[in-house]
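Report on one structure; see the data block that follows.
The values are calculated or read from the model by the stated rules, or taken from the named source; none is laboratory data. Fair warning: this is a prediction, and the values are worked out from it, not measured in the lab. Cβ: placed from backbone, ideal geometry, glycine included. Neighbour counts: every protein chain shown. Heads up: the accessible areas ignore ligands, DNA and RNA and are worked out on the full protein's heavy atoms, side chains in. Shrake-Rupley method; radii C 1.70, N 1.55, O 1.52, S 1.80 Å.
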2 protein chains.
Amino acid sequence: MNSTPDTRQRILSTARELFHANNYADIGIKQICDAAQVQKGSFYHFFPSKRDLALAVIEDMADDWAHGFVHEAFDQALPPMERLDYLIDAAYYWQKAAKDIEGRMPGCLFGNLVLELSTRDDVLRAKLSAVFDKTRLRFEETLQQAVETGALAPLDTNLTAQAMLAYLEGMILLAKSRNEPELIQHLGPAIKGIRIELSH
Amino acid sequence: MNSTPDTRQRILSTARELFHANNYADIGIKQICDAAQVQKGSFYHFFPSKRDLALAVIEDMADDWAHGFVHEAFDQALPPMERLDYLIDAAYYWQKAAKDIEGRMPGCLFGNLVLELSTRDDVLRAKLSAVFDKTRLRFEETLQQAVETGALAPLDTNLTAQAMLAYLEGMILLAKSRNEPELIQHLGPAIKGIRIELSH
DNA sequence: CATTGACTAGACCGACCGGTCAACTATACT
DNA sequence: AGTATAGTTGACCGGTCGGTCTAGTCAATG
């Protein structure tokens, strides 16, 4: 059955790394193939085009993101609002680690791709939007639980969740512009204070 | 003296538009020249390279940004905190207008460039960072005035200003991912509630 | 009128891009 | 054993990229 060793996954992983550490346009298929030790023909056996690779990378990363980073950060065992501290911490350490290795803060792959590609490819844009929406749900359920436990006064959980996600992405963007992961630590705490009231 | 008509500025403006509506990598020099009705030779007479054009575009836009959008939004005649409402409004209408014309929300040119290029070109990154810092100052002076007038309890004006800027950029990013400028309207009001306390 | 120098014109260049293809190999099933 | 099929190889393609270069225009100077 499993005749394919792991070529496809190897392409996927190295492409993800390269896209994340650089950007989409600057990374050529040749470069991905060399890094993954795969020939071009093999690449096109698994992916019809670079664009389809991008779609696959987004899905692949979204899975890891959901089951790794997000899952850990939104640990159900923790009191709801504490999860947000945990999230900020996780974001910081991740960016810090990447910077220590590469010398530059890569930022959020999804955010990067949104700003680079969503004006030119609507399908990609929609896919990235869906990833954000899935993440937003984790914020929202956290907020709902915080409201239920009385840790938070009632508010518009949907919009507030979006606002928090926006703030997270914005912090990462600003930190990337300064190549200073520490900015996430400094600005992070304010995420808990963001509120959008229920309308009427 | 001024023998040059406006060729340089025409290149600059069309490059800015094209970079903003698309992205840096996708726009070739040929395309800029065609749109600006300029020949390649002329282009390279004014700009040594595409990268130098990018630098010039950032400066050019930063000036307009400072004297236009930011200047209007941070109108000194308005009560400090009201300026933030004005800013959100301005951001929304700008993105909305662009979407109505192009069909797609372009986002913030500076934010776009940061995420696309700051991992590969540190000088560009620094330049963009400086633009953000200049904008941050307008937030900060607004906050200081709000504290002075008693509209706001004392807080860390520097970090809060950065947090607000991050939130603004994050909103725009999220809105772009959904191609919905309206998101800025919905999330915008929360910007006034962002606070980072003075440490110790 | 000659010279200068900023500016324009556009053919041209090598490099590299995403993508194709025909030939080949290794495995799986009959 | 025979054959289909999944996977691999790497030469190859047309097009476009950023950038170069030579020839020439034109207005201001002497």
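Segment A:Gln76..A:Gln31, full-extension length gain: 12.1 nm, with 0.36 nm per residue of separation and the alpha-carbon distance subtracted. Relative to the longest principal axis of the Cα atoms of chain B, helix B:7-21 runs at roughly 60 degrees. Across all directions, the shadow cast by the convex hull of the stretch B:1-49 built on its C-alpha atoms averages 3.4 square nanometres.
Angle of helix B:122-148 to the longest C-alpha principal axis of chain B, folded into 0 to 90 degrees and rounded to 10: 30°.
In the assembly of identical copies, B:Ala35 has its label point, taken 7 Å from Cα in the direction of the beta carbon, separated from the corresponding points by 2.9 nm (ascending, one decimal). Note on surface exposure: B:His67, B:His186, B:His20 rank B:His67, B:His186, B:His20 by accessible area, highest first, 1.4 Å probe.
Label point of A:Gly193 (7 Å along Cα→beta-carbon): distances to the other copies' equivalent points are 1.2 nm, sorted ascending. For the protein assembly as shown, what does the alpha-carbon gyration tensor say about shape, rounded, prolate or oblate, given a ≥ b ≥ c as the root eigenvalues, a/c under 1.5 as rounded, and a/b over b/c as prolate? It is oblate, given that a/c is not under 1.5 and a/b is not larger than b/c.
Across A:Val70, B:Val147, B:Val123, the residue with the most accessible area heads the list, and the full order at a 1.4 Å probe is B:Val123, B:Val147, A:Val70.
Determine the distance separating the Cα centre of the stretch A:141-200 from the Cα centre of the stretch B:164-187; give it in Å without decimals. Centre-to-centre distance over Cα atoms comes out at 13 Å. Overall, the anisotropy analysis places chain B in the prolate class: the square-rooted eigenvalues a ≥ b ≥ c of its C-alpha gyration tensor yield a/c not less than 1.5, with a/b exceeding b/c.
First check a/c for the stretch A:67-149, with a ≥ b ≥ c the square roots of the eigenvalues of its C-alpha gyration tensor; if it is under 1.5, answer rounded, and if not, answer prolate when a/b is larger than b/c or oblate otherwise. Oblate shape, in that a/c is at least 1.5 and b/c is the bigger or equal ratio. Here's the picture: a label point sits 7 Å out from the Cα of A:Leu55 along the beta-carbon direction, and within the stretch A:128-142 the residues with their amide nitrogen under 13 Å of it are A:128. Summary of the geometry: the stretch B:110-127 and the stretch B:1-75, compared by the centres of their Cα atoms, lie 16 Å apart. Label-to-label distances for B:Val147 across copies, nearest first, come out at 3.3 nm, using points 7 Å from Cα in the beta-carbon direction.
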